[in-house]
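Heads up, the thing below is written out as structure tokens.
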Amino acid sequence: MKFELLHPADQLVLIMDRIYQNGLTTTSGGNLSILDENGDIWITPSGIDKGTLTRGDICCVKAADKSVVGANKPSVELPIHSSVYERRPDIRAVLHAHPPGLVAFSTARVLPDINLVANARRTLDSITMADYAVPGSKKLGDNISKEFERGFNVVVMENHGVVIGADSLFDAYKKFETLESLAKLEINARKLGSAKSLEESEVNLSSTRDHHLMDDFMPNKHTSEECAARRDMTNLIRRSYRQKLFGSTQGTYSMRLSDGSFLITPYGVDRAYMDESDLVLIKHGMKESGKVPSRSVKLHQTIYNQHSEINSVLSANPPYAMAFAVTDITFDPRTIPESYILLRETKKISYSSLYLEADKVSSLLSDRTPVLICENNQILATGNSLLHAFDRLEVMEATAHSIVLALDICDLTHISDEQIKEIDKAFNLK
């Protein structure tokens, strides 16, 4: 989807629907705006159900005389949007909402740690907090725009929510979605123990450009096997996004084809609207012409080269499983037999090894260790098929979720060693 080719009103409806459907705002909460090339502000209306918003509901505040075009009144937070645009000419879109994770931090009046995960840090860069003021007031607009004037693009408001500015509405949404996911991750991690932050040097490791430097090739045909794989991957990628296993431009899925080539998700493409043509074919170390594969392409290639039994590799950032990636707590899947049978013995690897030691990371994978927890980065799940790997990823997140919930009840009781031996024997597990 060419998001930038949509009319401002359609962009606002699309993103507000996405925010609402993802449970990140309520019927009456949140507002979005776009500053167009004429200086007019397109903004969501006040008092209209966010779950049924249409392009006809959107208001346009004219630059020339501040008159309002449209059937509704602009959001009461228009002063925030106007003030940000006045003080930051580079910003072309503003997003304001009250998602539960960020509201928790805003009421505690502390900021989420954006250094917990490298992808989050790259997306957000820096955040700050603005003083409380009455919603819709000039004072609140001033408090927020002052922080934007200082160079911040993400401003959490005391006892309110968050305001994000960007050069496009989709970029603002990416920052918003990332920050809310990060807030929930930190909350989950704190239930387990102390969360660990990345150092600046570690964050820089993730800025590899290997995925840009591969030679190109032009496929002369697309087999029925490849077309089926593109269809199946696209369906599961969209499903994974809906299930919040990763964010809009995060998460890497790949699948090996019978000739040794493999398909992999592209870099920077929105997972929610991805289609079959977006996936990148990798063959003989070269990438499909005109496309940029995920940053993880070399790691996936290494795994396929070393493991003939692995036909799919998935990396994602599910919020409960990732809580184990940002703490020192060991993930033990021996909660119920089904979790143990699919996950067996997961291992945790260092953050740096993911970028510097691909061979070592790959060597840790086996039938007994099909899933790796990568510190402050991702969950890496493998399988003999795409669905097999996806099942493991889902079970990993469900198991982690149940462990976090159980901690609110009492200490966990895992399946005993003797019981594990019984399961191994009954299911012929080695």
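The values are calculated or read from the model by the stated rules, or taken from the named source; none is laboratory data. In this text the structure is predicted, and so the values were computed from the model without any measurement. Because the Cβ atoms are built from the backbone with ideal geometry, glycine has one as well, and the counts that use them run over all protein chains shown. Areas reflect the complete protein model, heavy atoms only, side chains present, ligands, DNA and RNA absent. Shrake-Rupley method; radii C 1.70, N 1.55, O 1.52, S 1.80 Å.
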Can you find a residue in region 75-94 that is within 30 Å of MET322 (Cα to Cα) and out of contact with any strand residue (DSSP E or B) (no Cβ under 6 Å at 6 or more places or on another chain)? no
Note on HIS212: of the conditions (1) over 21 Å from the mean Cα position of the chain (by Cα); (2) in a helix (DSSP H, G or I); (3) not acidic (Asp, Glu), unmet is (2)
If you go through region 219-227 one residue at a time, do you hit one that is in contact with a Leu (Cβ under 7 Å, 6 or more places away or on another chain), open to solvent by less than 30 Å² (accessible area, probe 1.4 Å), acidic (Asp, Glu) and not in a loop (DSSP other than H, G, I, E, B)? yes
Single residue of ALA104, ALA93, ALA118 found to be surrounded by fewer than 17 Cβ atoms within 10 Å (Cβ to Cβ) and closer than 17 Å to GLU177 by Cβ: ALA104
Can you name every residue in region 343-387 that is open to solvent by less than 30 Å² (accessible area, probe 1.4 Å), among the hydroxyl-bearing types (Ser, Thr, Tyr) and part of a loop (DSSP other than H, G, I, E, B)? THR346, TYR351, THR369
Within region 386-427, considering residues that are among the polar types (S, T, N, Q) and either more than 26 Å from TYR253 (Cα to Cα) or touching a strand residue (DSSP E or B) at 6+ places or on another chain (Cβ under 6 Å) (or both), the one modelled with the lowest pLDDT: THR413
May I ask you to verify whether VAL203 is modelled with pLDDT of 95 or more, β-branched (Val, Ile, Thr) and open to solvent by less than 60 Å² (accessible area, probe 1.4 Å)? no
Need pairs with beta-carbon distance below 8 Å; first residue over 13 Å from VAL154 (Cβ atoms) and within region 109-131, second part of a loop (DSSP other than H, G, I, E, B) and hydrophobic (A, V, I, L, M, F, W, C); sequence gap 6+ or separate chains. ASP113/ALA195; ASN115/LEU198; LEU116/ALA195; LEU116/LEU198; LEU116/VAL326; VAL117/LEU198; VAL117/VAL326; ALA118/LEU198
Out of (1) at positive phi; (2) free of Cβ contacts under 8 Å to residues at least 12 places away in the same chain; (3) in contact with an Asp or Glu (Cβ under 9 Å, 6 or more places away or on another chain), the one VAL69 does not meet is (1)
Being out of contact with any Leu (no Cβ under 8 Å at 6 or more places or on another chain), hydrophobic (A, V, I, L, M, F, W, C) and open to solvent by 20 Å² or more (accessible area, probe 1.4 Å) narrows ALA71, ALA9 down to just ALA71
State all residues of region 244-260 that are loosely packed, with under 15 Cβ neighbours inside 10 Å and at negative phi; if no residue qualifies, say none. SER258, ASP259
Only one of (1) open to solvent by less than 30 Å² (accessible area, probe 1.4 Å); (2) in a helix (DSSP H, G or I); (3) closer than 30 Å to THR330 by Cβ fails for ILE144. Which number is that? (3)
Output for Cβ contacts, cut-off 6 Å, separation at least six or different chains, first residue among the acidic types (Asp, Glu) in region 369-385, second open to solvent by 10 Å² or more (accessible area, probe 1.4 Å), reads GLU375/SER350
When both residues are 6+ apart or on different chains and their Cβ atoms are under 6 Å apart, which pairs have a first residue that lies in region 276-287 and is under 8 Å from PHE217 (Cβ atoms) and open to solvent by less than 40 Å² (accessible area, probe 1.4 Å), and a second that is at pLDDT 95 or above and of a type in the set (Val, Ile, Thr)? LYS287/VAL280
Count of region 259-279 residues which are touching a Ser or Thr at 6+ places or on another chain (Cβ under 9 Å) and under 17 Å from THR302 (Cα atoms): 5
Matching residues, region 215-239, being of a type in the set (A, V, I, L, M) and within 28 Å of the chain's Cα centre (by Cα): ALA228, ALA229, MET233, LEU236, ILE237
Look at ILE48 and say whether it is touching a residue at least 60 places away in the same chain (Cβ under 8 Å) and either on the phi < 0 side of the Ramachandran plot or outside any loop (DSSP other than H, G, I, E, B) (or both). no
